[in-house]
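First the structure, in the form of structure tokens, and then the observations on it.
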Amino acid sequence: MIELMFLACLNASHVECRQESLLFTEMPLMACMMRGQTQLADWTATHPGWTVERWSCRAHDPTQKDA
């Protein structure tokens, strides 16, 4: 399972940010890195007022908290 992790901040205040992630079961790591921006564009379209500040892909580890 691959996790697309990102930091989302409110447009009105870049001080208010939160760690988010999307999980993919049928996507290899390289595909996540290539398609990540498209996935994040879809996320921002459904979350008006939020901007993605940075993102990364990694193998999902359910025992690991946000890093």
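Some notes on this structure:
- Residues of region 47-67 satisfying the condition of being more than 15 Å from GLN19 (Cα to Cα) and open to solvent by 90 Å² or more (accessible area, probe 1.4 Å): PRO48, PRO62, THR63
- Of all residues in region 1-22, those satisfying the criterion of being touching a Leu at 6+ places or on another chain (Cβ under 8 Å), hydrophobic (A, V, I, L, M, F, W, C) and under 13 Å from ARG58 (Cβ atoms) are MET1, ILE2, LEU4, PHE6, LEU22.
- Considering residues of region 24-46 that are in contact (Cβ under 8 Å) with a residue 24 or more places away in the chain and open to solvent by 90 Å² or more (accessible area, probe 1.4 Å) only, the residue farthest from PRO62 (Cα to Cα): MET33
The values are calculated or read from the model by the stated rules, or taken from the named source; none is laboratory data. The shown structure was predicted, so the numbers you read here are calculated from the model rather than taken from an experiment. Every residue, glycine among them, receives a Cβ derived from its backbone with ideal geometry; neighbour counts consider all protein chains shown. To get the accessible areas, we keep the full protein, side chains included, count just its heavy atoms, and leave off ligands, DNA and RNA. Shrake-Rupley method; radii C 1.70, N 1.55, O 1.52, S 1.80 Å.
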